[in-house]
């Protein structure tokens with residue numbers, strides 16, 4: 001019994017964790033299903049309420065004159081032509097401004113043209129009101145100019161030009177504005193639009209078209225806020241209404257006992273309307289430009305529908321089905337199929353009963369049956385989207401629980417063992433003086449407790465390694481410093497060796513000893529840092545004489561045939577005399593090294609006003625193009641055993657003196673160009 005108890009102890013925590021996982025998974029799944037069932041019931045009730053609101057809203061819209069206009073004209077206008085609409089009124093009282101404005105505004109017949117214009121073209125729903133086409137609209141204009149009655153010239157007044165084309169025939173009228181002297185209830189200008197045939201106007205004998213009627217009313221108030229109302233040039237809003245007598249439509253009313261109304265070719269009747277100002281200017285309102293905002297149509301009911309809902313309208317008189325409207329389903333609302341299937345099988349009261357509502361809309365031209373069908377799939381889809389996210393959450397939670405023991409075993413205990421083992425290895429290496437690397441602990445660093453501990457050990461090892469490397473670097477720098485010092489001392493010592501090279505000269509012995517001492521003391525510092533941290537005494541020197549002296553004494557340092565070609569007049573520049581001599585000497589030695597045997601090295605001087613340019617040119621091989629900028633870097637040299645220090649020193653000293661040095665290739669050689677600032 002004790003043996004069994006001892007064998008279970010190592011697995012007790014593991015069994016407890018597994019039992020907890022099973023319990024949590026079962027509880028989580030049951031909780032998720034319960035929540036989804038409740039949410040489905042609530043969502044379905046909310047959808048029923050939204051469905052009823054949509055039904056009431058659509059029915060109210062269709063019973064309004066705007067909706068009736070859309071029912072009577074189910075086919076929206078196509079193209080740029082203007083076609084008459086069947087109005088939900090028997091006729092328009094075009095003589096009364098208030099009535100006609102109210103009628104076209106309530107019906108939604110007005111279509112927007114431009115920024116300030118609108119047009120409504122329609123026919124009454126009662127055929128016995130006469131075969132008339134009604135036109136109403138608004139436009140902005142300066143104060144209206146009236147036409148004088150009896151005057152055969154109509155271009156000097158505001159006028160309306162109308163053209164109707166149907167069944168192979170065309171009708172055209174031009175109606176100038178004639179101000180009325182009769183008072184009206186509201187202030188402003190008003191008057192008739194007297195109709196004429198354009199052909200009669202062109203002949204000079206234009207009788208008035210009797211059946212043509214039209215009125216125009218202009219507001220007395222100016223539309224521009226910064227202009228006075230009595231300013232004639234100020235733009236004002238004007239409203240006009242027309243009744244057009246169309247003989248073809250009037251004759252068709254008496255051909256049959258029961259005339260066909262509205263005409264079957266209503267959508268093929270083209271109407272053109274233009275409001276013209278006095279003269280030949282651009283129209284104030286032109287229907288040929290196309291409407292900016294068309295009238296209300298049945299397709300505008302689609303935004304009222306919820307996703308997946310459909311709206312079917314049928315005309316009861318002839319059972320003609322109007323275009324079906326179906327609200328699109330958002331393609332992005334995608335979810336997992338098994339989640340959607342699971343939600344559909346969750347029991348909800350009355351969920352399987354299809355949602356459908358019918359309404360009868362009565363219009364002056366007949367009744368329409370409106371059928372609205374709901375789509376309960378949207379309830380499941382909306383829930384499935386949420387459920388899909390919940391599945392990720394539940395899955396992540398269960399995965400976290402299942403991986404908890406792995407995190408403990410692999411992420412904590414294993415890392416502790418590895419950390420201890422590697423720490424022991426580092427200690428053994430240090431004791432054995434075999435060296436070490438902080439990369440042994442790099443993979444164990446992190447932001448947790450163990451990671452912080454590994455990071456601390458890693459940083460400690462890195463600092464120890466850096467201290468060791470710093471000691472080696474310091475030794476190398478000291479040795480390079482002595483090399484640099486020796487390099488700079490050896491050059492003048494070689495020159496002294498030439499000056500005192502006669503046999504038996506005592507100076508030669510001391511110079512040789514100095515050279516030997518410099519060779520022995522070649523040491524340890526970075527020459528680039530030594531040159532860069534040096535300080536120069538920049539003063540004004542006379543450059544022409546200085547260059548002439550350098551050229552004359554070049555042979556003393558072993559550089560033969562150096563020629564100075566420049567002005568003899570004094571030229572003052574800012575520089576350090578000894579540093580500038582070192583720069584020129586380094587450049588001359590490079591020129592002497594690569595020149596053709598027996599050729600001269602030419603030094604030229606040029607005055608540029610604010611600066612002076614010194615060119616040192618030789619004849620010989622060119623510098624590779626990719627090396628023109630690199631030859632001035634420290635350590636770059638083509639000569640074996642050469643430290644590549646001379647040109648680096650030249651560039652460093654020139655920069656400290658405020659100048660520049662560059663190398664240029666020529667066909668027969670190379671030129672080094674030095675630029676220095678002029679003195680005061």
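No lab work stands behind these numbers, since they all come straight from the coordinates. Being a predicted model, the structure only gives us computed values, none of them experimental. Every residue, glycine as well, gets a Cβ built from its backbone with ideal geometry; the counts of neighbours run over all protein chains shown.
If R0 is 41 Å, what FRET efficiency do you get for residue 678 and residue 597 from their C-beta distance, rounded to 0.05? Write out the running numbers ahead of the final one.
Values: r = 37 Å, r/R0 = 0.91.
In this case the efficiency is close to 0.65.
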Item to complete: Would you mind classifying the range 595-638 by shape? Square roots of the alpha carbon gyration tensor eigenvalues, ordered a ≥ b ≥ c; an a/c under 1.5 is rounded, otherwise it is prolate if a/b is larger than b/c and oblate if not.
Response: oblate
Worksheet item: If we restrict to alpha carbons, what Rg and Dmax does the range 178-275 come to, in Å?
Response: 18.8, 60
Discussion item. Need the C-alpha centroid separation for the range 189-245 versus the range 28-105, integer Å.
Written reply: 37 Å
Worksheet item: At residue 203 and residue 369, where each label point lies 7 Å from the Cα along Cα→Cβ, what is the point-to-point distance in nanometres?
Response: 5.7 nm
Worksheet item: Quick one: Cα centre-to-centre distance for the range 249-280 and the range 608-680, in angstrom?
Response: 94 Å
Discussion item. So for the range 77-295, averaging the separation of alpha carbon pairs under 8 Å that are six or more residues apart and normalising by length, what relative contact order in percent results?
Written reply: 29 percent
Fill in: Gain upon complete extension [residue 608, residue 572; 0.36 nm per residue less C-alpha separation]
11.7 nm
Worksheet, complete the sentence: DSSP beta bridges in the range 77-295: the antiparallel percent, rounded to 5, is 95 percent
Item to complete: Starting from the exponent 0.38 and prefactor 2.2 Å, build the expected Rg for the range 77-295 from its residue count and divide its actual Cα Rg by it.
Response: 1.01
Item to complete: Calculate the spin-label point distance for residue 455 paired with residue 146, positioning each point 7 Å from the Cα along the beta-carbon direction, and give it in nanometres.
Response: 9.3 nm
Worksheet item: How far apart, in nm, are two points set 7 Å out from the Cα along the Cα-to-Cβ line at residue 397 and at residue 329?
Response: 2.9 nm
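Can you figure out the FRET efficiency of residue 419 with residue 24, using R₀ = 35 Å and their beta-carbon distance, to the nearest 0.05?
Once rounded, the FRET efficiency stands at 0.60.
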Worksheet item: Taking every pair of alpha-carbon atoms in the range 25-151, what share in percent sits in each 5 Å bin, from 0 to the bin with the longest distance?
Response: 2, 8, 12, 14, 12, 10, 8, 6, 5, 4, 4, 4, 4, 3, 2, 1, 0, 0, 0, 0
Worksheet item: For residue 75 and residue 227, what does the FRET efficiency come to when R0 = 41 Å and r is the distance between their Cβ atoms, rounded to the nearest 0.05?
Response: 0.40
Response to the item:
Rh (Kirkwood, all Cα-Cα pairs) for the range 123-190, Å, reads 14.9 Å
Response to the item:
Subtracting the Cα-Cα distance of residue 280 and residue 253 from 0.36 nm times their residue separation yields 5.8 nm
